[in-house]
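Q: Handing you this structure, nothing more for now.
The values are calculated or read from the model by the stated rules, or taken from the named source; none is laboratory data. Quick caveat, the model's predicted, so the values are computed rather than measured. Note that each Cβ is placed from the backbone with ideal geometry, even for glycine, and that neighbours are counted across all protein chains shown. To get the accessible areas, we keep the full protein, side chains included, count just its heavy atoms, and leave off ligands, DNA and RNA. Shrake-Rupley method; radii C 1.70, N 1.55, O 1.52, S 1.80 Å.
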Amino acid sequence: MTAIAPAIAQRSEVSVARRERLRALVRSKTFVVGVLIVGWWVFWAVVGSSLTPHDPLDQTSSVLARPFGHYWLGTDTLGRDVLSRVLAGATGVLKVAPLATVLGIAGGTVIGLVTGYFRGIVDDSISRLIDAVLALPLIVIAVTAIVALGTSLGTLIVVIGVVFMPIVSRTVRAAVLAERDLDYVQAAKLRGEHAPYVMFVEILPNIVAPIVVEATVRLGYAIFTVAGLTFLGFGLQPPAPDWGLQIAENYALLAGGSYWWTVLFPGLAIATLVIGVNLIADGLQQVLDR
Amino acid sequence: MSENGSSPALQIRDLDVVYRVRGRDRQVLREVSFSVGRGESYGLVGESGCGKSTAALAIVRYLPRNGRVRGGSIEIDGKDVVRLSEGQLRRLRANDVGMVYQNPGTALNPAIRVGGQVAEVFTVRGVERKEAMERAQAALKKVQIADAGSVMHRYPHQLSGGMQQRVVIAMALAKDPTLLILDEPTTGLDATVEAEVLDLIEHLQGEFHTSVLFISHNLGVIAKMCERVGVLYAGRVVEEGPVETVLQDPRHPYTVGLLRCIPRGGVRKDHGRLDTIPGFLPNIGEAPPGCVFADRCALVQEICTQDEPPLEQLGGLHSSRCYFHEQARELPRATAANLVLPAVDRTTAPLVQFEELGKVFRQHGQSIHALTGVSAAIWPGETLGLVGESGSGKTTLARSLLGIVEPTTGAVELDGRPLAPRLGRRTQSEIRKLQIVFQNPDSALNRRHSVRRILRRALKKLANLTGKPAEDRLKDLMHSVRLAERYVSARPSQLSGGLKQRVAIARAFAGEPELVVCDEPTSALDVSVQAAILNLLVELQAQRRTAYLFISHDLGVVRYLSDRIAVMYLGRLMELGPAAVVFDGPHHPYTEALLSAVPTVDGGGRERIRLEGEIPSAAEPPSGCVFHTRCHRKVGEVCELEEPPLVEVEGGHLMRCHIPIDELRRLQLVPGEVATA
């Protein structure tokens, strides 16, 4: 009858759309610059101290050497090479921040799906609880938890991840609310599907895009939080070449105006990584939102 | 506004419009030429994707960024739009052209009061604020908004769709434009509201002598509103002429096919299948060397695929782009009509029974009476058509049957056993028996799941099939909804609207349901696709004796498919009876008004009955007969005080009206005869 042969060209439209999106990403300068910056730091996180010009832990006699001399970025109070310490310092952050983000996204997605799907009293009670959590400054919660649980990388990951969950869940909940009243969800209920199936098999695949964007945004915040907490002494412990820790160890020297390099370069490292991640987030958002 | 009285309001010559997609120009309009004379109303008709809206956008240079006029000229009031500078273009849009689009909700700024928005039409032309507000109020009065003063102070969301569209029309007309472009202005509105808006446009056009370009997919609306019509197919005007000539004596196979797709003139499913147009619209930008319609045309000859036919003049301004225009009317049917429907046996027990069903929604402290005392039955294998304006309770009734809405009072029985009001409490076999086909095929299918996955899951849950047997049934199912097997791994985004709806129908039929709710299943589709889907539904019913609860605002479609029809108003059944009786009368005054509101291709016939005002709020339904506030046949106080019962007035025909049936028969026959004479 009538359902005969439309154009064969339609066949691979999904893969075309996917390729199209990929091409749009590659064409987006924001995204490409972000990837280059983050790629640089990921590279150093992976190779660690094996490729740095000096051993980041090696203490020399040339204490507080100025930059652009023998030591490109100078040395710190213990005579350690700042460049090597900055490069090697990527490892810690890039271990903790992504894992914390994954945890936060996973937990937040589940909470968001449940609150958005069930609405009513489930939504009200969980959402009020989340509001309460969000009212407290992140750092305060994190510090309290770390003090209670003791300092370790694991604690740091869990604390940041858990703190992210309510934030992520809000985004996910909003996306679920837009989907739950669509007819395909009704259709699933009308063939007797149970709630977990509807949430995870029917709705979840349709809200991947906002979750991906949220994940990149969260990663930026995670990096910031890790740096902040180590600065306060709740993260990696000395002598690890961590950026937050480097700033903490050296910022007292800033007062006189000299010895700025010991603080500036780790600070720049944090800033570039966060900016890089945010550029990726922006690029993704532009492409996925279309 | 016209200085140059001799030139037509709009003159388009050889217009070529292209869209640049993936680095290639795709032609959307090819050498389109037509003109709208002063005071004339010209209709542009065609299915989605044929270029109607592109034409409308090109006229005021609103094409999207990747669109471009490649050739030809567009003259409004003698000014070539293509060559205007930005400033001149802005003045043209501000002074000479008014536009009204399909969705009035998005045409109005939700954050600005109506008065301020209408006044802006004047302030951009330098009128002072205070005077602009006065003129705005006058403009609103002109579009027959009774309470213009208070409407001025409201925000758009506080107005109904019909009222919003009036405001948009008021804004478009306020500048006294040379040309008014109406792009599907009534498509989203209820039939009764549509009729009022169309009446209004007609009236205003008479008053202002505005030239109108009316774009619509609805041939009935075009027939009512326009003097001349151009039929657009794949970016080409294939036929043009005076409306009556084109619709009564079409000379292009596409126009003939379109007209045959529409269920009209009282055609019913037992008369056979509807005719359809085989095949699909060519992809955008594909230019066959010959006639654009050749691959779907039953009259095709060798010459058609080689040389594009010229626009042949047939006399009387009628022209057709077809070599065989003289045979166009004898176009062979694409779909055989023969169809045997098993008779519905109403002596047996009904399949579904609604018992005094009532539903009250609580909203902002108010009680919305969505359903009040609805009792009806549906027998196996029959179609019960459900009609009424939006807000009449049609959807709530269907949803309480499905278990999505819990009725407040009353009960629904399936096979003589009461159904649990909540879906979660129903057994899987009850769930299997009741399924639904939604209005919008885009949202009805999970866009991340393939056709196979969608149907396999339905087979698993509804027919308890997995593995090889499921795969076999999947093939049967796709075959029975005429869905080619190669679509099995496609995602919904790769399918056209009609194909998606077939998948949705296949899903509903996966578990051999006994009743399928069809909630406006064809209103989002083009007429040629609609015909194919209606045929499919009828075929499935003939094979499987499935009952349908068929909701639609398109009365032609309801009449085609239904055995019996229920007319609802404010949550009550006003009339229930065999389709032919409800349509031919004597009918309830409300049904009478509904029927008179529908613009038909054949035109004339019925005298338009105006329904006064809008449908009353279901929070405070009127006393007595709920319809008395708008009824044109109100007999007196009894209508205000006493609600008439739903009684059987003749065999199987129930009505809720104080007027005796014989009186209605007399009343409804006499003016009808006069009107046709």
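Q: In this structure, does B:Pro289 turn out to be away from every other protein chain (no Cβ under 14 Å), part of a loop (DSSP other than H, G, I, E, B), surrounded by 22 or more Cβ atoms within 10 Å (Cβ to Cβ) and touching a helix residue (DSSP H, G or I) at 6+ places or on another chain (Cβ under 9 Å)?
A: Details: away from every other protein chain (no Cβ under 14 Å): yes; part of a loop (DSSP other than H, G, I, E, B): yes; surrounded by 22 or more Cβ atoms within 10 Å (Cβ to Cβ): no; touching a helix residue (DSSP H, G or I) at 6+ places or on another chain (Cβ under 9 Å): yes.
The answer is no for B:Pro289.
Q: It is to be established whether one or more residues within the range A:167-190 are more than 28 Å from B:Asn446 (Cβ to Cβ), more than 14 Å from every other protein chain (Cβ to nearest Cβ) and touching a Phe, Trp or Tyr at 6+ places or on another chain (Cβ under 9 Å).
A: Checked against the condition, which is being more than 28 Å from B:Asn446 (Cβ to Cβ), more than 14 Å from every other protein chain (Cβ to nearest Cβ) and touching a Phe, Trp or Tyr at 6+ places or on another chain (Cβ under 9 Å), the range A:167-190 yields no hits at all.
Q: So which of B:Ile277, B:Ile284 ends up being in a loop (DSSP other than H, G, I, E, B), under 25 Å from B:Arg30 (Cβ atoms) and open to solvent by less than 70 Å² (accessible area, probe 1.4 Å)?
A: On inspection, the qualifying residue turns out to be B:Ile277.
Q: Here is a further query. Surrounded by 15 or more Cβ atoms within 10 Å (Cβ to Cβ), in contact (Cβ under 8 Å) with a residue 60 or more places away in the chain and within 24 Å of B:Tyr19 (Cα to Cα), is that true of B:Met99?
A: yes
Q: Return the residue satisfying two criteria in turn: it lies in the range B:312-323 and is touching a strand residue (DSSP E or B) at 6+ places or on another chain (Cβ under 9 Å) and open to solvent by 20 Å² or more (accessible area, probe 1.4 Å), and of such residues it is farthest from B:Glu244 (Cα to Cα).
A: Step one: filter the range B:312-323 for residues touching a strand residue (DSSP E or B) at 6+ places or on another chain (Cβ under 9 Å), giving B:312-314, B:316-323.
Remaining after also requiring open to solvent by 20 Å² or more (accessible area, probe 1.4 Å): B:312-314, B:316-317, B:321, B:323.
Working: B:Glu312: 18, B:Gln313: 17, B:Leu314: 14, B:Gly316: 12, B:Leu317: 12, B:Arg321: 18, B:Tyr323: 22 Å.
By that ranking, first place goes to B:Tyr323.
Q: Would you confirm, using the coordinates I've provided, whether B:His588 is open to solvent by 10 Å² or more (accessible area, probe 1.4 Å), touching a residue at least 40 places away in the same chain (Cβ under 8 Å) and not acidic (Asp, Glu)?
A: no
Q: Kindly provide the set of residues from the range B:84-143 that are over 31 Å from the mean Cα position of the chain (by Cα) and basic (Lys, Arg), ordered by number.
A: Result: B:Arg90, B:Arg91, B:Arg125, B:Arg129, B:Lys130, B:Arg135.
Q: Look through the range B:96-147, keep the residues that are assigned to a helix (DSSP H, G or I) and β-branched (Val, Ile, Thr), and return whichever of them is nearest to B:Arg38 (Cα to Cα).
A: Once the filter is applied, the top-ranked residue is B:Val121.
Q: Just give me the residues in the range B:519-545 being in a loop (DSSP other than H, G, I, E, B), away from every other protein chain (no Cβ under 12 Å) and either touching a strand residue (DSSP E or B) at 6+ places or on another chain (Cβ under 9 Å) or within 16 Å of B:Arg264 (Cα to Cα) (or both), in sequence order.
A: Of everything in the range B:519-545, those that are in a loop (DSSP other than H, G, I, E, B), away from every other protein chain (no Cβ under 12 Å) and either touching a strand residue (DSSP E or B) at 6+ places or on another chain (Cβ under 9 Å) or within 16 Å of B:Arg264 (Cα to Cα) (or both) turn out to be B:Thr522, B:Ser523.
Q: For B:Arg507, work out the one condition from (1) in a loop (DSSP other than H, G, I, E, B); (2) open to solvent by 10 Å² or more (accessible area, probe 1.4 Å); (3) closer than 13 Å to B:Gln435 by Cβ; (4) within 12 Å of chain A (Cβ to nearest Cβ) it doesn't fulfil.
A: If we test B:Arg507 against (1) in a loop (DSSP other than H, G, I, E, B); (2) open to solvent by 10 Å² or more (accessible area, probe 1.4 Å); (3) closer than 13 Å to B:Gln435 by Cβ; (4) within 12 Å of chain A (Cβ to nearest Cβ), just (1) comes out false.
Q: Specify which of the listed residues (B:Thr192, B:Thr178) is open to solvent by less than 20 Å² (accessible area, probe 1.4 Å), under 15 Å from the mean Cα position of the chain (by Cα) and on the phi < 0 side of the Ramachandran plot.
A: B:Thr192
Q: Let me ask something else about it. Being more than 18 Å from B:Ala508 (Cβ to Cβ) and within 11 Å of another protein chain (Cβ to nearest Cβ): is that true of B:Gly416 here? Outline the logic, then answer.
A: Details: more than 18 Å from B:Ala508 (Cβ to Cβ): yes; within 11 Å of another protein chain (Cβ to nearest Cβ): no.
So B:Gly416 does not fit the description; no.
Q: Can I ask one more? Within the range B:353-375, identify whether any single residue is under 30 Å from B:Pro622 (Cβ atoms), in contact with a Phe, Trp or Tyr (Cβ under 7 Å, 6 or more places away or on another chain) and not small (Gly, Ala, Ser), and answer yes or no.
A: Scanning the range B:353-375, I find at least one residue that is under 30 Å from B:Pro622 (Cβ atoms), in contact with a Phe, Trp or Tyr (Cβ under 7 Å, 6 or more places away or on another chain) and not small (Gly, Ala, Ser), so the answer is yes.
Q: Considering only the range B:394-407, I want to know if a residue exists there that is over 22 Å from B:Val516 (Cβ atoms) and open to solvent by 40 Å² or more (accessible area, probe 1.4 Å).
A: no
Q: Looking only at the range B:428-458, which residues are more than 10 Å from chain A (Cβ to nearest Cβ), touching an Asp or Glu at 6+ places or on another chain (Cβ under 9 Å) and under 12 Å from B:Arg507 (Cβ atoms)?
A: B:Arg452, B:Arg456 - these are the residues of the range B:428-458 that are more than 10 Å from chain A (Cβ to nearest Cβ), touching an Asp or Glu at 6+ places or on another chain (Cβ under 9 Å) and under 12 Å from B:Arg507 (Cβ atoms).
Q: One residue is enough: does the range B:600-617 have a residue meeting the conditions among the polar types (S, T, N, Q) and modelled with pLDDT of 85 or more?
A: no
Q: Mind listing whichever residues of the range B:297-311 are open to solvent by 20 Å² or more (accessible area, probe 1.4 Å) and without any contact (Cβ under 8 Å) to a residue 40 or more places away in the chain?
A: If the condition is that a residue be open to solvent by 20 Å² or more (accessible area, probe 1.4 Å) and without any contact (Cβ under 8 Å) to a residue 40 or more places away in the chain, then B:Val300, B:Gln301, B:Glu302, B:Ile303, B:Thr305, B:Gln306, B:Asp307, B:Glu308, B:Pro310 are the ones that fit.
Q: Oh, and also: Restricting the first residue to the range A:263-290 and requiring it to be touching a residue at least 12 places away in the same chain (Cβ under 8 Å), which pairs with a second residue that is polar (S, T, N, Q) and outside any helix (DSSP H, G or I) meet a Cβ separation below 7 Å and a spacing of at least six or different chains?
A: As it stands, the answer is A:Gly283/A:Ser28; A:Gln286/A:Ser28; A:Val287/A:Ser28, since those pairs meet every condition given.
Q: Just give me the residues in the range B:397-413 being within 14 Å of chain A (Cβ to nearest Cβ) and touching a residue at least 12 places away in the same chain (Cβ under 8 Å), in sequence order.
A: Across the range B:397-413, the qualifying residues are B:Ala398, B:Ser400, B:Leu401, B:Leu402, B:Gly403, B:Ile404, B:Val405, B:Glu406.
Q: State whether one or more residues within the range B:571-582 are on the phi > 0 side of the Ramachandran plot and surrounded by 24 or more Cβ atoms within 10 Å (Cβ to Cβ).
A: Checked the range B:571-582: at least one residue is on the phi > 0 side of the Ramachandran plot and surrounded by 24 or more Cβ atoms within 10 Å (Cβ to Cβ).
Q: Inside the range B:1-67, counting only strands (runs of 3 or more DSSP E) that do not spill past its ends, which hold 3 or more residues that are of a type in the set (Gly, Ala, Ser)? Before the answer, list the steps.
A: Details: elements: B:10-21, B:24-36, B:41-45.
Of the strands (runs of 3 or more DSSP E) lying wholly inside the range B:1-67, none has at least 3 residues that are of a type in the set (Gly, Ala, Ser).
Q: Then there is this: Can you tell me which residue among B:Val36, B:Val32, B:Val28 is buried (at least 16 other Cβ atoms within 10 Å of the Cβ), within 28 Å of B:His252 (Cβ to Cβ) and touching a helix residue (DSSP H, G or I) at 6+ places or on another chain (Cβ under 6 Å)? Quick ask: steps written out before the conclusion?
A: Values: B:Val36 fails: touching a helix residue (DSSP H, G or I) at 6+ places or on another chain (Cβ under 6 Å); B:Val32 fails: touching a helix residue (DSSP H, G or I) at 6+ places or on another chain (Cβ under 6 Å).
Result: B:Val28 is the single residue among B:Val36, B:Val32, B:Val28 that is buried (at least 16 other Cβ atoms within 10 Å of the Cβ), within 28 Å of B:His252 (Cβ to Cβ) and touching a helix residue (DSSP H, G or I) at 6+ places or on another chain (Cβ under 6 Å).
Q: Report yes if B:Leu525 is at negative phi, modelled with pLDDT of 90 or more and buried (at least 22 other Cβ atoms within 10 Å of the Cβ), otherwise no.
A: Criteria not met by B:Leu525.
Q: State which residue is surrounded by the fewest Cβ atoms within 10 Å (Cβ to Cβ) when the search covers only the range B:459-487 and only residues that are at the interface with chain A (Cβ under 10 Å from one of its Cβ atoms) and under 29 Å from the mean Cα position of the chain (by Cα).
A: Only one residue tops the list, namely B:Ala484.
Q: I've got another one for you. With the condition being among the hydroxyl-bearing types (Ser, Thr, Tyr) and surrounded by 19 or more Cβ atoms within 10 Å (Cβ to Cβ), I'd like the helices (runs of 4 or more DSSP H) fully within the range A:194-290 carrying at least 3 qualifying residues.
A: Working: elements: A:208-231, A:243-250, A:261-288.
Where helices (runs of 4 or more DSSP H) fall fully within the range A:194-290 and carry at least 3 residues being among the hydroxyl-bearing types (Ser, Thr, Tyr) and surrounded by 19 or more Cβ atoms within 10 Å (Cβ to Cβ), they are A:208-231.
Q: Restricting to strands (runs of 3 or more DSSP E) lying wholly in the range B:189-270: which have 1 or more residues that are touching a Pro at 6+ places or on another chain (Cβ under 6 Å) and at pLDDT 90 or above?
A: Details: elements: B:211-216, B:228-233, B:236-242.
Those strands (runs of 3 or more DSSP E) span B:228-233.
Q: Ok, one more. Residue by residue through the range B:503-518, note down the ones that are among the hydrophobic types (A, V, I, L, M, F, W, C) and either out of contact with any strand residue (DSSP E or B) (no Cβ under 6 Å at 6 or more places or on another chain) or free of Cβ contacts under 8 Å to residues at least 40 places away in the same chain (or both).
A: Within the range B:503-518, B:Val503, B:Ala506, B:Phe509, B:Ala510 meet the criteria.
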